[in-house]
Every structure is written in structure tokens, then in C-alpha cells.
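The values are calculated or read from the model by the stated rules, or taken from the named source; none is laboratory data. Quantities reported herein were computed from a predicted structural model and do not represent experimental measurements. Note that each Cβ is placed from the backbone with ideal geometry, even for glycine, and that neighbours are counted across all protein chains shown.
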Amino acid sequence: MTKKALYTLSAIIFILLMAFITLPPVTKMLERVEPHILGMPFFQFFLLAVPVTLACWLIVWFLLECRIEDREGGKKDE
Amino acid sequence: MSNIAITIVLMLAYFVLNTVIIKLLGRKQTSLEEFGVGERSFGWLLNSFSYIGGWYTGTIYTGWFSNASTIGVFAQYVIIYSVSSLFLMFFMAKPVWVLGKVYNLETQGDLIELRYGSRKFKFVFAFLTFLFWSPWLILEIKSIGYVVQAATYGSIGFNIGLIVVSSFVIGYCFLGGARASAVGGLVQGITFTIVGIIAVYWLIVKVYGGLGDMYDMVEGFNKDLLTLGALGGKYWFSVVITCTLGGYILPGVFATIYRADSSRAVKKSVLVAPIAGVLIGFTILSLGLGLSFFPDFPADPQSSAFWISNKFGGPIMLGLMGILALAACMSTISAVINTSSVLISKDIVGTLAPKFTREKLFKYARLLTIVVGIISIIIATMNIPNLMFISVVMYDCTVQAFPAVFVGLFWKRANIQGIALGFAVGCVFSLMGNFFPETIAWGAGWSGGIIGLFFNIIIVVICGFAFKPYHKVQEIFETIKTYKEVYSKRII
């Protein structure tokens, strides 16, 4: 994967997740208490799941970018 | 030992710990670069926790906590925008850091001047961003007074508390500059991240029996707290988007990027900051969610975090909650004061007096730490109605700087005409929407900030095609593309 592809993929993930949790037509469907997911009310689960997914993707993004940059020959300060 | 003495001793011990660590890791301040951006030498861990410290305000233990008990899960927008702002920071970490390193940028205004080639716009931009940011400084200083009073059973007055603690923060910012602010942020950030998450989760178990029991209780009393309630989806969208874009545009975020020893050190903060942010926000707001159903819930909900700590954990937990809230307040205040003093010195004084040397601007920056601090303390002791409202309005205005910074970093055609006009139009809509909401009634429920941002971006795009970009823009983008970075392994 190239760095450009990685950034494009990250932008798409970001826009999709933010649209999912903020756009009024979607939140109208999510705004329910039942059914519970993992012991949490329906909407609460997604309120937590979206930032957790974003946080996990940030870690993956960082690790992938490090690998690409190291492969491309960035200098390391030992 | 009395309960009051226990909480005061705990908080004093925390101040001693802060003083010792700041003194041990501090450096003598000799230049503007050292004072403003710590000579771009911060390792990833120092940078991460100073970012967390600056980002999470003390109001999360007062205002936001009380919001959780009154508006329910809506208050959790803070968790979403904290992580999404980090996403945007990741996108711009490299260009901002590289330009900072190559062109010796120390403020957000420096970046604006470099990108658009206009000192006049830099002056206006810096002045307005400081103006939009300053209510949060007052709010945080006020929060200190509130926290000290609540955590000492009212034995230490509001004004005395805020004056003493704020003076301590101003003192170490004056003496130690950006490094002292960051080291303080490291200590304070670790405190309310690690100790805070454990302590607050312990309280959730003690108070409710666990998260599941808490949700059952809330469902039984008021299901609306588990949805967006009467505030509605459009308001939710407006709040999350303006906070995401506005939060990342704050001058302190740029200072954090400049201070790192490489753009990789900035990006590495994502190993800690987002997960820590989710846990801090989720635990504290979950604790607040069901408290309003307790019969002895305080009349002033802002004190409910301290009330519940004392009720279930006695003076030791109350003292600990006081420390957590003070840590959050102090780290934010130090970040704002340090960044603001450099911003005023370099972007405002330096623009008005271009012949001033860097040595002179350095002296002004140090002096301004005291001046900004004292003026903020004086304002914080006054009774200002609607301060929280003013702060939110300012966020609506802050978000209008988004195209100037973000679009300008990635789109070569963005130019001064579009940025200046778009910023002005966006701010007018934001102010109209908040102070004269009837003027934007045609906006079908969208906030003034979102309507303003919409027109702002359209203006930037139209002007991008109508006018020529700054003649050095190609060179700036080439610098970002070709810069070979040294990836440091420094931690602190």
C-alpha cells in the first residue's frame, strides 16, 4: 500500500464513521434504547463504538505509515 | 485529622509533586524558540500527555459532568470530537511540523503569514483566534475556584482558591515556558488519565454496582437520557462538527505540533491519546448519567462530582476528585497561557513593531505570561453571566478558521481573498445565529456556525478559481514534499 492510498482510505473511514454518528437521518434510526448490545442501550453502544473504532484505526494508520516510511528510507536518529 | 485537613493535605502534596517534577525536568529559558516551542525537542510521550493535559479541561468534572446528569448521553459528544480532532491532527501533523521546522514557525499566525503572504491578515487572524479562545481560560480559572471550594468542604473561598492555584501555574509558565507547561501537563495528564479512570470506575461500581446496573436505573427513571432527547439530531450534528473542526483549529494544537522533535513524535501520540480520551470521557460521563435520580442530588449539579465522591469515598475520594479536576484545570491553563503569551508577543506586538528583535519579543512573551495571567484572574473573580454561552459562541467562530488552515495546507489554490472573506462571512453568520437566532430562521434548524462554515467554504472555493494563489505557494508545498525527516526515538 502507498502512503497516498493509506491517507485516502483513512479519510474515507473518517467521513463514513462521522456521517454515521452525526447525520440526522442516521441518528434518528440509532436513537433507541432497545435492543441492548453488549449490555449497553442501543444508542449508547454506537456512541462508544464510533470513537473506539476511530481510535483503533488511528493506531493501525500510524503503524502502517511507519512501515511505509521506513521502507521508503526515512532517516532514524539512533 | 479532620476531613477538611485530609483534602487540603492531599492537594498540597500534589502541588509539591508537580513542583519537584517541573523543577527536575525544567530548563533555563534563554530564547523565544525555547520559551514558545521548547526548541522543538519534545519526545512522543511528553508531547502526548501534554496534549491530553491541554485538551481535557477541568470543566469536564463540573459543567460536563452536570450535563451528563441533565441531558444524558448527549453530553458524550465530547468523546467523539476529542477522537475526531485527533484524526485531523494526524492529517496535518507532517505539513505543519515540517513548515515549522524549516521556516522557524512558532505560532499558528506564523503559518498563516507563510501560507498566504500577508502580515495584516496574520495580525487579524491571531487577534481573533486569541479572542475566541480566551473565554475558556477564564472558565478554567473559575473552575479552579469552584473545585477548591467544593473539595475543601467550602473552607477555602472561591476567589482565594483560584488566585492561589492560578498564580502557581502562571509562576511555572513564566519561569519554565513551554517545557514547564508540557512537563506539568505530563504529570497532570497522567494523573487524570490513569488515576482518574481507575478512581472514577471504582466510584461507578460503588454507586451503581456497575455499568449495567446504572443503565437499568436510568431506563427505569428517564429513558430520554439514553437518546438525544429534545435537543435533537440537527443540534447534535452541529455540536459534533463545530467542535471537531473548531477544536483542532485552536492555537494550542499547533504549539503541540511545533514542540515535538519530529512529525512522527506528534503522530505517535495516537498510541495513547485517543484511547485515553475515550476512557476518560466515558467513565466520568457515565458516572454522572444516573446521579440526578438520587434524592439528595445537589441543587447545583456542577458540584455533583464532589458530592458523590464524598458520599461514597469520604474525604480521601473527595480530595482525589479535587486533585483530578485541578490537574485538568492546571494543564489547560498552562497550555493556554504559554501559547497566548507567545501569540500576542510574536503575532500582535511583533506585527505592530516589526523592528523588534527576537530577544525583545522573548522578553515580552515572558512578561505577557504574567499580564495575561493576572488579567484573566481578575476577570475570573468577577460575576460574568452567560460565560459558558459566550465560550460556546466563540467555538462557532473558531471553526471559521478551519478553511484558512486545513484547506490552505492541502489545496494550492486557496488564497488570501477567499480565506479573509470566507472567515469574515462565517463569523458574521456564527454571531447572528447565536445572538439573533431569528435572522437565520431560514436555516431549518442548523446552527449559525454550520451555516457560516458552509458559506465560508463556498467562498474559499470560488475565490480559489477566481484569483491567483500566493506566488510562493509552490515552494511551500515542495518543501513539505521533499523534506527528509529524522525520526527520533526520544520519549521525554
### Task
Within the stretch A:55-75, identify whether any single residue is within 30 Å of B:ASP216 (Cα to Cα) and either within 15 Å of the chain's Cα centre (by Cα) or not basic (Lys, Arg) (or both), and answer yes or no.
yes
### Query
What are the residues in the stretch B:462-476 that are surrounded by fewer than 17 Cβ atoms within 10 Å (Cβ to Cβ) and in contact (Cβ under 8 Å) with a residue 24 or more places away in the chain, if any?
B:ILE462, B:PHE465, B:ALA466, B:PHE467, B:LYS468, B:HIS471, B:LYS472, B:GLN474
### Query
Filtering the stretch B:225-259 down to residues that are more than 9 Å from chain A (Cβ to nearest Cβ) and out of contact with any helix residue (DSSP H, G or I) (no Cβ under 7 Å at 6 or more places or on another chain), which residue is nearest to B:LYS94 (Cα to Cα)?
B:TYR235
### Query
When only residues in the stretch B:192-206 that are modelled with pLDDT of 95 or more and buried (at least 24 other Cβ atoms within 10 Å of the Cβ) count, which is farthest from the chain's Cα centre (by Cα)?
B:VAL200
### Summary
Only unsatisfied item for B:ILE440, checking (1) part of a loop (DSSP other than H, G, I, E, B); (2) farther than 29 Å from B:LYS94 by Cβ, is (1)
### Message
Can you go through B:ILE459, B:ILE450, B:ILE480 and tell me which one is in a helix (DSSP H, G or I), in contact with a Leu (Cβ under 6 Å, 6 or more places away or on another chain) and touching a residue at least 12 places away in the same chain (Cβ under 8 Å)?
### Response
B:ILE459
### Query
How about the stretch B:53-85: which of its residues are closer than 24 Å to B:GLY145 by Cα and within 13 Å of another protein chain (Cβ to nearest Cβ)?
B:ALA68, B:ALA75, B:VAL78
### Task
Have a look at A:PHE20, A:PHE14, A:PHE43 and point out the one that is touching a residue at least 12 places away in the same chain (Cβ under 8 Å), within 28 Å of B:PHE91 (Cβ to Cβ) and facing chain B (nearest Cβ under 7 Å).
A:PHE14
### Query
Which residues, counting only those in the stretch B:408-429, are part of a helix (DSSP H, G or I) and more than 11 Å from B:ILE459 (Cβ to Cβ)?
B:GLY408, B:LEU409, B:PHE410, B:ILE416, B:CYS427, B:VAL428, B:PHE429
### Task
Taking B:GLU33 as meeting all but one of (1) outside any loop (DSSP other than H, G, I, E, B); (2) of a type outside the set (Phe, Trp, Tyr); (3) out of contact with any Asp or Glu (no Cβ under 8 Å at 6 or more places or on another chain), write down the number of the exception.
(3)
### Message
For the stretch B:212-235: of the residues being modelled with pLDDT under 95 and aromatic (Phe, Trp, Tyr), which is surrounded by the most Cβ atoms within 10 Å (Cβ to Cβ)?
### Response
B:TYR235
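Condition (residue is touching a Gly at 6+ places or on another chain (Cβ under 9 Å) and either assigned to a helix (DSSP H, G or I) or within 8 Å of another protein chain (Cβ to nearest Cβ) (or both)) applied to the stretch A:48-56: is it met by at least one residue? Walk me through it before giving the result.
Here is the first cut: in the stretch A:48-56, the residues touching a Gly at 6+ places or on another chain (Cβ under 9 Å) are A:51, A:55.
From the residues that got through so far, the ones that are either assigned to a helix (DSSP H, G or I) or within 8 Å of another protein chain (Cβ to nearest Cβ) (or both) too are A:51, A:55.
The answer is yes; a qualifying residue exists.
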